[in-house]
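Colleague: Sending over a structure as structure tokens; questions will come in a sec.
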């Protein structure tokens, strides 16, 4: 097991790895972007095929609406699938706290000195967990609900103090 | 303001349900007007033109304003809870999908006040009559566009939600059948709606922009309109019926205290019905003139629908077989659905036969048939669903005695209205006429009395719902012993505003 967890599950499991821990927080997504693309694509092809059939029969004004609908399906796919693979991976080991964030097409990796990081819980627009270092702040736990964020913050704080 | 800006699936579900009830009342009042006119031979209360406007608007409002939205209301409330998702995939889009509806409904109703009144062309909006209508026709075309847009946006949302937001362990073949039927319905909507949009747009351009798609005088073909319309129109029948099948597939197992018999075959049968629905459209137009080969193809294809539908009816009955049955109101409506919808299915089979259809085409036999499918099918299923889930939604039990009275009144009055219409149709009474020969008077009187009674019975339904919301007894988490989907097993009653922010793990 590589420590990755589908986070919005009931258990928020922290995995010890040589005194540290590694946790991957993902959205719950029951379908892969490829699978969703197939579903949307099949629908768009069916709508366009019907539109083309009517165009050949002389009722060509069905086709533009089928095209608009294919665009709407494409938009739905892009909007949903671009965030389907988002994750946050938080690793603590050898005095370093590493946070890897994938958000849509962007991914970033932050390394923080574990001794100088504070875990702050803020109640702004709901519960937010922020890692505060000497120079920067980083929000984590965005894929968790409010209750799980509080547990996550408490657990991370405890680990950082060990 | 909360109700305007809300993105919560439960709020939006509630909006859909109330909107649907309002439109059901408006469409129902139109039906009462129609039946008042038909109470006796001769012209009584309205001129023939207004009669035609009422039949047109009754059909459009009931199909697009009442029946479709009621099941979208169920979808909004139930799909996220049944698959363990926190909300719909596109919550804002969900809000827009709903708020398009009141505008469309307003346009439809406003068409009555335009010069020339509402279109009197029938809900099918056949060309070339549509070319001759007043500005009310344009409002109707615009309304149909908006309604279609709402349906497409809603469908894309439902497909995205079901495919991507199921809880861990909730595989496709573990989904409640209601969710399956909605997934297939959403596919049907996405495939069929552009065809309707194209049909009404071509009507619009024929009316105002000098095209002649359907105008024979300009080289067009009025029959082409019928092909285009019914290519949408027949799947539309299943768009209305399939979510009803889904509701019944939740209700019958719950009150039989048994799992649904033949779950997989139900899924395949639903898919089969959806696919076949695209190859049967011309059974609505046997009389326009088509080659015998075409007639035979559409006749056999239509008869084929009876196979998967028969599988479903068999499975519902088999679910009840040796079950510990109780007959609370939802189950009564489900049984009413089963009897009445099957009867409507049988008359559909009769109408699929070309020689018979040519005899009874455009008669009250057809009116009776499709009302057995639409009212006893979709509306009874909707009532079953409302009585089934209202304790979970509101936290209160409804008055069981009044619920049962509502069922029996609705069942009796429904059959009073429509059963006798089979006789009228077989005797040759055409549909869409405000006057008729004396020989049809008795059955028409019975039918009209039934319509007045059915309208009054729905006031009782409104009372039961309001009474339930205001002062119903507190409902337990699972008031129905045999109910086993996630909303009953994992969520308290009433369901909190936000649910499944952390999805459950389905074993």
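Colleague: Confirm whether residue B:130 is over 24 Å from the mean Cα position of the chain (by Cα), in contact (Cβ under 8 Å) with a residue 60 or more places away in the chain, within 11 Å of another protein chain (Cβ to nearest Cβ) and under 23 Å from residue B:30 (Cβ atoms). Show your work before the answer.
Modeller: Numbers: over 24 Å from the mean Cα position of the chain (by Cα): yes; in contact (Cβ under 8 Å) with a residue 60 or more places away in the chain: yes; within 11 Å of another protein chain (Cβ to nearest Cβ): no; under 23 Å from residue B:30 (Cβ atoms): yes.
Here the answer is no, as residue B:130 does not meet what is asked.
Colleague: Restrict the check to region B:224-243 and report whether at least one residue is touching a helix residue (DSSP H, G or I) at 6+ places or on another chain (Cβ under 6 Å) and more than 22 Å from residue B:192 (Cβ to Cβ). Let's see the steps before the verdict.
Modeller: Let us first name the residues in region B:224-243 that are touching a helix residue (DSSP H, G or I) at 6+ places or on another chain (Cβ under 6 Å), namely B:226, B:228-232, B:234-235, B:238-243.
This time we only want the ones that are more than 22 Å from residue B:192 (Cβ to Cβ), so: none.
No; the residues of region B:224-243 include none that is touching a helix residue (DSSP H, G or I) at 6+ places or on another chain (Cβ under 6 Å) and more than 22 Å from residue B:192 (Cβ to Cβ).
Colleague: Same structure, new question: Quick check on my filter: what residues within region B:30-47 are within 9 Å of residue B:435 (Cβ to Cβ) and out of contact with any helix residue (DSSP H, G or I) (no Cβ under 9 Å at 6 or more places or on another chain)?
Modeller: Selection gives B:42 alone.
Colleague: Another question about this same structure. Tell me which helices (runs of 4 or more DSSP H) are completely within region B:1-96 and hold 3 or more residues being under 21 Å from the mean Cα position of the chain (by Cα), or say none if there are none. Explain how you work it out, then say what you get.
Modeller: Numbers: elements: B:2-5, B:9-37, B:48-60, B:68-83.
So the answer is B:9-37, B:48-60, B:68-83.
Colleague: Also: Can you name every residue in region B:187-214 that is within 18 Å of the chain's Cα centre (by Cα) and more than 9 Å from chain A (Cβ to nearest Cβ)? Steps first, please.
Modeller: Of region B:187-214, the ones within 18 Å of the chain's Cα centre (by Cα) are B:187-193, B:196.
B:188, B:189 - these are the residues of region B:187-214 that are within 18 Å of the chain's Cα centre (by Cα) and more than 9 Å from chain A (Cβ to nearest Cβ).
Condition check ((1) within 21 Å of residue B:17 (Cα to Cα); (2) surrounded by 21 or more Cβ atoms within 10 Å (Cβ to Cβ); (3) in contact with a helix residue (DSSP H, G or I) (Cβ under 9 Å, 6 or more places away or on another chain)) across all residues:
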{"position": "B:334", "(1), (2), (3)": "yes, yes, yes"}
{"position": "B:347", "(1), (2), (3)": "no, no, yes"}
{"position": "B:354", "(1), (2), (3)": "no, no, yes"}
{"position": "B:382", "(1), (2), (3)": "yes, yes, yes"}
{"position": "B:399", "(1), (2), (3)": "yes, no, yes"}
{"position": "B:418", "(1), (2), (3)": "no, yes, yes"}
{"position": "B:421", "(1), (2), (3)": "no, yes, yes"}
{"position": "B:427", "(1), (2), (3)": "no, no, yes"}
{"position": "B:431", "(1), (2), (3)": "no, no, yes"}
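Colleague: Kindly evaluate residue A:126 against the criterion of being at pLDDT 85 or above and within 14 Å of chain B (Cβ to nearest Cβ). Let's see the steps before the verdict.
Modeller: Values: at pLDDT 85 or above: no; within 14 Å of chain B (Cβ to nearest Cβ): yes.
Answer is no for this residue.
Colleague: To continue, here is another question. Within region A:69-78, restricting attention to residues that are more than 7 Å from chain B (Cβ to nearest Cβ) and surrounded by 15 or more Cβ atoms within 10 Å (Cβ to Cβ), which residue is farthest from the chain's Cα centre (by Cα)? Explain how you work it out, then say what you get.
Modeller: Initially, region A:69-78 is screened for residues more than 7 Å from chain B (Cβ to nearest Cβ), giving A:70-71, A:74-75, A:77-78.
Then drop every residue that is not surrounded by 15 or more Cβ atoms within 10 Å (Cβ to Cβ), which leaves A:70, A:77.
On the way: A:70: 26, A:77: 15 Å.
By that ranking, first place goes to A:70.
Colleague: Among the listed residues B:351, B:325, B:379, B:411, which satisfies the condition of being over 27 Å from residue B:75 (Cβ atoms), at pLDDT 95 or above and part of a helix (DSSP H, G or I)?
Modeller: Numbers: B:325 fails: part of a helix (DSSP H, G or I); B:379 fails: over 27 Å from residue B:75 (Cβ atoms); B:411 fails: over 27 Å from residue B:75 (Cβ atoms).
Matching residue, one of B:351, B:325, B:379, B:411: B:351.
Colleague: Sticking with this structure for a sec: Take residue B:275 and decide whether it is without any contact (Cβ under 8 Å) to a residue 24 or more places away in the chain and within 21 Å of the chain's Cα centre (by Cα). Show your work before the answer.
Modeller: On the way: without any contact (Cβ under 8 Å) to a residue 24 or more places away in the chain: yes; within 21 Å of the chain's Cα centre (by Cα): yes.
Spelling it out, residue B:275 is indeed without any contact (Cβ under 8 Å) to a residue 24 or more places away in the chain and within 21 Å of the chain's Cα centre (by Cα).
Colleague: Of everything in region B:154-182 that's within 10 Å of another protein chain (Cβ to nearest Cβ) and closer than 18 Å to residue B:235 by Cα, which residue is surrounded by the fewest Cβ atoms within 10 Å (Cβ to Cβ)?
Modeller: My answer is B:159.
Colleague: Starting from region B:160-177, keep only residues that are farther than 22 Å from residue A:79 by Cβ, then list their pairs with residues that are in a helix (DSSP H, G or I) and at pLDDT 95 or above whose Cβ atoms are within a distance under 6 Å, requiring at least 6 positions of separation or different chains.
Modeller: B:170/B:83; B:176/B:82; B:177/B:246; B:177/B:249; B:177/B:266
Colleague: Go through region B:450-484 and report how many residues are more than 24 Å from the chain's Cα centre (by Cα) and in a helix (DSSP H, G or I). Before you say what the answer is, go through the steps one by one.
Modeller: Restricting attention to region B:450-484, the residues satisfying the condition of being more than 24 Å from the chain's Cα centre (by Cα) are B:467-484.
Cutting the leftovers down to in a helix (DSSP H, G or I) gives us B:467-471.
Count: 5.
The values are calculated or read from the model by the stated rules, or taken from the named source; none is laboratory data. Just so we're clear, the structure is a prediction, and the values are computed from it rather than from any experiment. Neighbour counts run over all protein chains shown; Cβ positions are idealised from the backbone, glycine included.
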